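Trainee: After the structure tokens below, expect a handful of questions from me.
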Amino acid sequence: MDNILKIAGVEIKSRLWVGTGKYRDFKETKEAVEASGAHVVTVAVRRVNITDHSKENLLDYIDPKKYIILPNTAGCYTTEDAIRTARLARAAGISDWVKLEVIGDERTLLPDNEALIEAAKVLVKEGFIVLPYTNDDPVMARKLEDIGCEAIMPLAAPIGSGLGIRNPYNIRIIKEIVSVPVVVDAGVGTASDAAIAMELGCDAVLMNTAIAGAKDPVKMAYAMKMGVEAGRLAWLAGRIPKKLYASASSPLEGMIE
Amino acid sequence: MNINVTINGKIQSISAEMSLLSLLKFLDIDPSRIAVEYNREIIDRTQFGSVYLKESDGLEIITFVGGGNG
């Protein structure tokens, strides 16, 4: 019924991608990720705590054999930091994919476009599969595709804001002008937001806070899974055009007189 | 004899002539899911046994943690 989403030649089994931050514990993370049906799971790169000897690792709960682990450069504010973090992530031996983030502003967590372009150029040259987190800006999207990024990840709204898709028109334009997959990344709040992203024709949606921050994250993960599936199906089915006036769906013939 | 090295931003006193691999063992860190930057240079995991630490070296040892955006 639907074609399979492929990124850099790899088949992605779910159009819902999830993050692993902000959960109560690893058990809840695992349950929510499972309920979401996600195949791509993003993780952050941080220093090992050398004094804390609780030896549990996230990857004991999120099996890299089962999931496509997508390391991110979250928290990086410069090209140099993002490149350094991406290189370290690859050296850890799990993945050569990177969700490239270069944040430009602490309060809004909006991306720094110039720094992002620079970092993307270097990492693509080094053979990374680069998936950049970017503004909902079609011009940026095209530049990132030209550099060699394997997908474009425009934000729906600021990270963790739950505001939903603030500029559906730009997201549509992005989808029209780039040929690599478009994955809405950040800003969705609830299942209908995820559905809208898919109804715009996007290839996938990535989210973290909307699930992890919900009162019942596991339930929300499942709701998001269904939202993404419903939105995708609606896109494939082709919605009716909007009209100003009514259009009866019952026949006019055979009315009683 | 001990030497001082900086590990993840903290100065640690360790015994001299320790390899990176023995340091990881000493710190009880499983080398399979981490990456190491030694004096700002990434060390391939196959080389952990052949890098020997000296006074004032700097190490960053990273792993994957829960995270999504920002």
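The values are calculated or read from the model by the stated rules, or taken from the named source; none is laboratory data. What you are looking at is a predicted structure, and each value in this text was computed from that prediction instead of being measured. Glycine gets a Cβ as well: all are built from the backbone with ideal geometry, and neighbour counts include every protein chain shown.
Trainee: Looking at region A:149-163 only, could you name the residues that are surrounded by 16 or more Cβ atoms within 10 Å (Cβ to Cβ) and either of a type in the set (A, V, I, L, M) or modelled with pLDDT of 95 or more (or both)?
Mentor: Within region A:149-163, A:C149, A:E150, A:A151, A:I152, A:M153, A:P154, A:L155, A:A156, A:A157, A:I159 meet the criteria.
Trainee: As an exercise: evaluate A:E118 against (1) within 14 Å of chain B (Cβ to nearest Cβ); (2) charged (D, E, K, R); (3) touching a residue at least 12 places away in the same chain (Cβ under 8 Å); (4) within 20 Å of B:R40 (Cβ to Cβ) and give the number of the one condition it does not meet.
Mentor: It is condition (1) that A:E118 fails.
Trainee: Please go through region A:48-68 and give me each residue that is at the interface with chain B (Cβ under 8 Å from one of its Cβ atoms) and not in a loop (DSSP other than H, G, I, E, B), ordered by number.
Mentor: Passing the criteria: A:L58, A:L59.
Trainee: List the residue pairs whose Cβ atoms are under 6 Å apart, where the first residue sits in region A:79-91 and is more than 8 Å from chain B (Cβ to nearest Cβ), the second is in a helix (DSSP H, G or I) and among the β-branched types (V, I, T), and the two are 6 or more positions apart or on different chains.
Mentor: The qualifying pairs are A:I83/A:V122.
Trainee: Identify the single condition in (1) crowded, with 20+ Cβ neighbours inside 10 Å; (2) within 14 Å of chain B (Cβ to nearest Cβ) that A:I174 does not satisfy, given that it satisfies every other one.
Mentor: Failed condition: (2).
Trainee: Then there is this: Out of all the residues in region A:95-107, is one or more farther than 20 Å from A:V184 by Cα, within 19 Å of the chain's Cα centre (by Cα) and either away from chain B (no Cβ under 14 Å) or in contact (Cβ under 8 Å) with a residue 12 or more places away in the chain (or both)?
Mentor: Among the residues of region A:95-107, at least one is farther than 20 Å from A:V184 by Cα, within 19 Å of the chain's Cα centre (by Cα) and either away from chain B (no Cβ under 14 Å) or in contact (Cβ under 8 Å) with a residue 12 or more places away in the chain (or both), which makes the answer yes.
Trainee: Could you check region A:193-251 and list, in sequence order, the residues that are of a type in the set (K, R) and surrounded by 15 or more Cβ atoms within 10 Å (Cβ to Cβ)?
Mentor: Result: A:K225, A:R232.
Trainee: Quick check on my filter: what residues within region A:1-41 are buried (at least 19 other Cβ atoms within 10 Å of the Cβ), touching a Pro at 6+ places or on another chain (Cβ under 8 Å) and within 14 Å of chain B (Cβ to nearest Cβ)?
Mentor: Within region A:1-41, A:Y23, A:A32 meet the criteria.
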